[in-house]
Amino acid sequence: EVQLVESGGGLVQPGRSLKLSCAASGFTFSNYYMAWVRQAPKKGLEWVATISTSGSRTYYPDSVKGRFTISRDNAKSSLYLQMNSLKSEDTATYYCASGGGFDYWGQGVMVTVSS
Amino acid sequence: DVVLTQTPSTLSATIGQSVSISCRSSQSLLDSAGNTYLYWYLQRPGQSPQLLIYLVSNLGSGVPNRFSGSGSGTDFTLKISGVEAEDLGVYYCMQATHAPYTFGAGTKLELK
């Protein structure tokens, strides 16, 4: 059974940093692109970042480019999202998702950016 | 960025009724290799999204065959042939042909 378990969320002040983690199991992690998708409260879905199988290629929308960094550790079957210079508009539930088509999703982790 | 317009925004249905959701793209989603990266997801209340359809018309793992996807170019449709209570929630289309990947605003399916 595929499992994706996010952690690391919480309340953070604007301008500060936070790092999210996603522990994967039930599939060969190193064979799949991975991604982060977020959902602001009561809003729709927004793609945040994607990383290739080896980690050599990463992709971001302009809204987070230069502030967020996606990375992975295939030996640990883990995905990460380093979020710097956080803004109030980054407040959302962050989901880890597997595969280029977001085949499986984690339960999500809440990030609140507020002073 | 590619804009995906979903209609209707809200859909009321009775159990057993067949319904369709439209997803219209501001650009063609056919890439130079002949692939169309259009997906459909369902987010049930209080849950994470789940994949229903990938590459326009392929059923995701474990997804009941009452769900079907169709379309090409800029116009796509998700059909549910016989709504069941577990189908209630918000449906999203997403495109991954053009960066950045974008989602439609969602269609809420509720019971009439």
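Results, tabulated for the structure shown:
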quantity: Number of positions in the stretch A:24-43 that are part of a strand (DSSP E or B) and either more than 13 Å from every other protein chain (Cβ to nearest Cβ) or open to solvent by less than 10 Å² (accessible area, probe 1.4 Å) (or both); calculated: 6
quantity: Looking only at the stretch B:79-112, and only at residues there that are open to solvent by 70 Å² or more (accessible area, probe 1.4 Å), more than 28 Å from A:I51 (Cβ to Cβ) and within 14 Å of the chain's Cα centre (by Cα), the one that is nearest to the other protein chains (Cβ to nearest Cβ); calculated: B:K108
quantity: Sole residue being open to solvent by 10 Å² or more (accessible area, probe 1.4 Å) and not in a strand (DSSP E or B), chosen from B:Q50, B:Q17, B:Q6; calculated: B:Q17
quantity: Residue identified as within 18 Å of A:Y95 (Cβ to Cβ), assigned to a loop (DSSP other than H, G, I, E, B), more than 12 Å from the chain's Cα centre (by Cα) and free of Cβ contacts under 8 Å to residues at least 60 places away in the same chain among B:P45, B:P64; calculated: B:P45
quantity: Failed condition for A:L81, given (1) open to solvent by 40 Å² or more (accessible area, probe 1.4 Å); (2) more than 14 Å from chain B (Cβ to nearest Cβ); (3) assigned to a strand (DSSP E or B); calculated: (1)
quantity: Residue in the stretch A:44-62 that is nearest to A:T28 (Cα to Cα), counting only those that are surrounded by fewer than 14 Cβ atoms within 10 Å (Cβ to Cβ) and more than 9 Å from chain B (Cβ to nearest Cβ); calculated: A:S54
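The values are calculated or read from the model by the stated rules, or taken from the named source; none is laboratory data. Predicted model only: the values in this text are computed from it and were never measured. Neighbour counts run over all protein chains shown; Cβ positions are idealised from the backbone, glycine included. Surface accessibility is based on the protein's heavy atoms, side chains included, excluding ligands, DNA and RNA. Shrake-Rupley method; radii C 1.70, N 1.55, O 1.52, S 1.80 Å.
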